[in-house]
1. Please find, among 130, 107, 120, the residue that is under 28 Å from residue 47 (Cα atoms), out of contact with any Pro (no Cβ under 8 Å at 6 or more places or on another chain) and at pLDDT 85 or above.
2. Can we say residue 101 is farther than 25 Å from residue 49 by Cβ and in contact (Cβ under 8 Å) with a residue 12 or more places away in the chain?
3. Any residue in the range 26-41 that's among the basic types (Lys, Arg): show its pairings with residues that are surrounded by 10 or more Cβ atoms within 10 Å (Cβ to Cβ) at Cβ separation under 6 Å, as long as the two are six or more apart or on different chains.
4. Please go through the range 60-73 and pick out each residue that is in a loop (DSSP other than H, G, I, E, B) and modelled with pLDDT under 85.
5. Can you tell me which residue in the range 155-176 is nearest to residue 94 (Cα to Cα), limited to those that are touching a residue at least 12 places away in the same chain (Cβ under 8 Å) and of a type in the set (Ser, Thr, Tyr)?
6. Need the failing condition index for residue 57 against (1) out of contact with any Lys or Arg (no Cβ under 8 Å at 6 or more places or on another chain); (2) in a loop (DSSP other than H, G, I, E, B); (3) under 20 Å from residue 144 (Cα atoms); (4) modelled with pLDDT under 80, just the number.
7. Looking at (1) under 30 Å from residue 150 (Cβ atoms); (2) modelled with pLDDT of 85 or more; (3) among the β-branched types (Val, Ile, Thr), find the lone condition where residue 98 falls short.
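The values are calculated or read from the model by the stated rules, or taken from the named source; none is laboratory data. In this text, all values refer to a predicted model and were calculated from it rather than measured experimentally. Virtual Cβ from ideal backbone geometry, glycine too; neighbours counted across all protein chains shown.
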Amino acid sequence: MRIERAFTTAGRSPYEAIGFRTACSEIRNPDGSVVFRLDDIEVPSAWSQVAVDVLAQKYFRKAGVPTKLKRVEENSVPSWLWRSVPDMDALEALPEVVDAVGGKVPVLLDSGIRSGGDIVKALALGAKAVLTGRPVAWGVGAFGAAGVERVFAIFAEEMQRVLTLTGVARVCDVTGAILFRDETGGLRGL
């Protein structure tokens, strides 16, 4: 098998036509204390601060990257190539977390949100909000700020569809009553 070179030139860096700059990303608490800071990140010159922050938070800090994953067995695919998905058992533990904090702090879900249905499900299980890291990073990587806007527009469209199908008029009216369980007792997708 021979692979022909299509978009690069032998002996030249594929990055030489792209200007780079160093940037900084920082997260602060409402009281002003620093949660995370990363200096001297080298990024393309055209990137906005939002793009820099997404890169730093998701790929260097790993915020929003699911920590509990399970492998999905696929026929005729070697086990080392099986894809991983967020572990839904961890999502099902959300009501216990909400009960444990007793309303003293808002519970935010930061794992495995990939659709508007996932957002509605997390809210139905008691989360006050969700963090949507990876889809935002995909949007930034694909189309910059316009990509992020499109990701949120898709989430809004999907959420509206789920709310309509479950008979709920507003997001603030979402409760656990809209959730469906499969024959094993596990949560079904919305």
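1. Just a single option satisfies the conditions, and that option is 130.
2. No, not satisfied.
3. 37/26
4. Listed by number, the residues that qualify are 61, 62, 63, 64, 65, 66, 67, 68, 72.
5. Among them, the one singled out is 175.
6. (2)
7. If we test residue 98 against (1) under 30 Å from residue 150 (Cβ atoms); (2) modelled with pLDDT of 85 or more; (3) among the β-branched types (Val, Ile, Thr), just (1) comes out false.
Conditions (1) in a helix (DSSP H, G or I); (2) more than 28 Å from residue 48 (Cα to Cα); (3) modelled with pLDDT of 90 or more, marked per residue:
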site: 138; (1), (2), (3): yes, no, no
site: 150; (1), (2), (3): yes, no, yes
site: 154; (1), (2), (3): yes, no, yes
site: 157; (1), (2), (3): yes, no, yes
site: 165; (1), (2), (3): yes, yes, no
site: 189; (1), (2), (3): no, yes, no
